Structures are given as C-alpha cells and as structure tokens.
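These notes concern the structure reproduced below.
Taken together, the values in this text are just the output of simple stated rules run on the coordinates, not laboratory data. Just so we're clear, the structure is a prediction, and the values are computed from it rather than from any experiment. As a convention, Cβ positions derive from the backbone with ideal geometry for all residues, glycine included, and neighbour counts pool all protein chains shown.
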Amino acid sequence: MSKVKVTVYISSHNYGRYLKEAIESVIRQTASSWELILINENSDDNTQDIFDLYKGDIRVKIFNTKRLGIPSAANFALEKSSGEYFIRLDADDIFEDNNLLVLSNYLDHNSDIAMVFPDYYLMDENANVFSQVRRQPFYHKNHQKDVPPNGASIMIRSDVLKKIGGYRTDLGAQDGTDLWSKIINNHKYANVSLPLFYYRRHENNVTNNNKNIINARRRIKADLSGINIEKFKPIIAVIPCRKNYDFISNLWKVELSNGKSLLEITIEKCINSKIFEHIIIASDTNEVKNTIKKFKDNRLEFFERDTQSTILSKPIAHTLDDITSKYDKSYSGITYLGVLQAPFVDTATIEEGINSLIMNDVESTILVEEINTPVFQRTSHGMNQINKNEYIIDDFDTLYSHTRTCVVTRNRNLKKGSLTGSNIISNIAFDKEAFLIKDSRDIAIANLIIDEKKIN
C-alpha cells in the first residue's frame, strides 16, 4: 500500500456517546488521501460497536488496547501510521469537512513548516456552537511562545514527530504543550486563520482536570528551561519586610492558624526550592534575624534595609537593585520577589514563574487572573465595555488582572529602576494563589482557608 498523505487517529475510552460524530467527520473529508486509526482503550460502553460499523472501509484500521491515555495512544498510533502527516481527533470533537485538505495543503506548500494548526469552534455537549477561538498569525502579529495551541487538530510532519521522540508518556496530560515545547525552538510552525474543527466542552472534558494540567505544564517548562538555566544565574529570592506602613506594625510577625508567621511561610516556600542560590530577607528591623535562625539553610541571609526605603510610595525595584547588585554584579540573573501577604502561592508556582521567564527569554513573569466579568471605561459618550463578550474570541482579547502575589524579573530591569521591564508574560493563578492580605479581615479569611484545608 502506497504511503497516504495524512494519518488521523481517534482513541476512545468510554466515549461512545460522541464517537460516531467524530468518525463521520473524518469520512466526510474532502481530502482524498488519508487513513484513520481507531483505538479502543479497553472501553466497556458501545465504543467497539461503533468502531465495527467502519471495519469494512479499507482506509480504517481498528485496534484494541489496554487503557493507554492520550500521549501513549498517540505514540501507538504513530507506530501504526503510514501517513506523511499526523493529526489527532479527540473522540468527542468534530473535524470541519475541509480540515485535512487545508492543513495538508499548507504543509505541502511550506516545506519549512513542521506543524500547523487551525482556529476552531467551541460547541456544547449537544454540538451547539457557541463561540469561535482564533489565533493571530505567527511571525506577523503574534510572537508568543508561552501560549501553546489546542492539542487537538495539530497537524505535524510524521518524520519530525518521530525524530523528536514522539510524545512524553510520563505527564498524563498536556500532550499539545509537550509537542509545542519540542517544536518551538528548533522548527517553524504556523496557524491557519480558519475554524477547521469543533471542540466540544462538557463536564467530562480532560481539560477540566486543572491540577493534572497545571502539574504537567510545570514539568514541561522545568525540563525546557533547565537547558538554558546557566545563562540566567544567579537566581535570587528577596523577601522584603518592614516595621511600619502596613495596616499593622510588623506585619511579617503575624501568625496564621497553622502556627507560622507570614515571614516563616514565605521563607519556607523559598527554601523548599533548590533553584535559589541566595534567599535574602530585607528589613529595617533586626528582629527578623530571630526568625531566620529557625531555619538551617546557608542560603538565607539578612539585608539591612534603610527605613526610608520602606515607605509605601518608594518603588520596591530600588531596594531589589541594592540587594541584587551585591550578588549579581553583571546583572545577568533573576530575582523572585517574595510577597509576605501571599501565603497561598506555593513553591511550584514560584518555580513555574522562573521557568517561564527562562523558557521564553523575556524580562519578567507575573501571576494573573483572567477577568470574566464585563470591564468598562468611562468615555465622553458614556461607559464603554473594554472586554468584548462577542462570538469570536481572539487570543489578544482576554483581559487579566495582576494578582501582585508572584513576580519574577531579570536583574537588568532593576538596574534601570523597573520591576518588570517591558516584555512581560504571565501564568494563570490556580486555586487561592491570587489571595492577597490587605487588611485584618483578610487575615481572618486566610485562617479560614487554612482551617478548611486541615479539615479536608
């Protein structure tokens, strides 16, 4: 059998409810040279009955396996494939009729492109379309490396995919991000500004498991940034404290219901990371030294902060520059700003901020929350809604709020008096990470959160 142009694969573990729609969308393709690999991952629903409807089609290959998971299923399909190009269709999604034709034609006419992906529609569990998601053209308007495409409907050259070792199987999620991370620095990629598949949103989506997704994403970033981390050293953590000017004197001493002070909590999350070479507690009071002595870590150091620098209106970048200039005379490294008032930012989040900066070679990373409620701006004609809640969702339309709970910056920014520089990227805050203590009521709320965690 001659080599086909495109291999499509669909794996199913108890997704029989949607499966026929997915398979039919491949059969309807206007492209003429394709094969479809169907993988039944030990389903106990009607998956096999639906697969059997297509066993007479010579373009369809059917396999029965144990429960593999998305990355392993992809590698299995790649091993069985004969296509020049390779693409996944999830069992609950649908291809637009011209998907394979458009994407394969793009690769045919652009030999320097390793992978291509389209825009897509969002639909509900009953296949009702409610929105369209589009990406701005890469190398023209979009230069972001930190936002991977949807893992479904990425078409990639099979030889490139085999050369990079296929998909990682130790993550359990984020196969699209894994593929993206392997491609972006060594190959060209592109997006087609046409909606060519339908992405179904429902309560059983794999993408609803935020914890697995975030953990997988963090591991990918850590592995990728580890290649270049030496160029960004030294990596320093600075935890500023002060006697006055907060809503309570010596805020750093406030003890939460877990029996730890805000300073102790912040120090702990820093010493739990091996990535820091220096962990500096900067304060205008020597009292903090008693807290530092509780920890047996030789990376911990005290920096005496001038009281004048602790005034609220004084830029923190100046204090950070005074500190980092001592440890990084060439200003080549990175500083993490440890925020006392952010008790629920954990070590993994801090490291993700550092790894994101290194991976994307930017000036800084911040932690943000997506704004889902309408935001208005006052104009001469009345209030104007800034975040348009329209049918088409552009990748630059979303608004975000800076949580101020996690900032990682290049030290060269501090030399210029800037905390973040101009080229900033973000990570999305997870769970309670956006929580910031601003008053006494917030302390009470923080204690409730801690007590709830103890119960659970």
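Calculated on the alpha-carbon coordinates, the convex hull of the stretch 6-208 measures out at 116 cubic angstrom per residue. Where the centre of each part is set by its Cα atoms, how far does the stretch 107-122 sit from the stretch 309-369, in angstrom? Using only Cα atoms to place each centre, the spacing works out to 37 Å. Sequentially through the stretch 257-272, phi angles give Karplus couplings (6.51, -1.76, 1.60; θ = phi - 60°) of 5, 8, x, 10, 6, 4, 5, 4, 4, 5, 5, 4, 5, 7, 6, 6 Hz, Gly and Pro residues having no value and appearing as x. The DSSP beta bridges internal to the chain are antiparallel in roughly 35% of cases.
Taking the structure as given and computing Rg and Dmax of the Cα atoms in Å, which label from [x] 28.0, 114; [y] 25.5, 81; [z] 22.7, 74 fits? Here Rg and Dmax of the Cα atoms in Å agrees with entry [y].
Each label was represented as a point 7 Å from its Cα along the Cα-to-Cβ direction; for Phe295 and Asn215 these points are 2.5 nm apart. Using a 7 Å offset from Cα along Cα-Cβ at Asn105, what residues in the stretch 1-36 end up with backbone N under 13 Å from the label point? Residues passing the 13 Å test: 30-32. The mean of 1/r over all pairs of different alpha-carbon atoms in the stretch 258-367, once inverted, gives a Kirkwood hydrodynamic radius of 15.0 Å.
Peptide packing: for 87-97, 116-126, the average count of neighbouring Cβ atoms within 10 Å per residue gives the ranking 87-97, 116-126, highest mean first. Calculated [222 nm] ellipticity per residue, helices only, for the chain: -8500 deg cm²/dmol; basis is -39500 (n - 2.57) per DSSP H run with n ≥ 4, divided by all residues, nearest 500. Derived scalar couplings between HN and Hα for the stretch 189-200 equal 9, 7, 10, 9, 7, 9, x, 10, 8, 10, 9, 8 Hz in order, rounded to whole Hz, by the Karplus curve 6.51 cos²θ - 1.76 cosθ + 1.60 (θ = phi - 60°), x for Gly and Pro.
Under Stokes-Einstein, with the Kirkwood radius over Cα pairs as Rh, the value for the stretch 176-268 at 10 °C and 1.306 mPa s is 85 µm²/s. For the chain, the relative contact order comes to 13 percent (Cα pairs under 8 Å, sequence separation of at least 6).
Excluding same-chain neighbours fewer than eight residues apart, the lysines reachable from Lys55 by a Cα-Cα span under 25 Å are Lys3, Lys5, Lys20, Lys66, Lys80.
A cut-off of 5 Å between modelled amide H atoms, ignoring neighbours fewer than 5 places along the same chain, links Tyr15 with no other residue.
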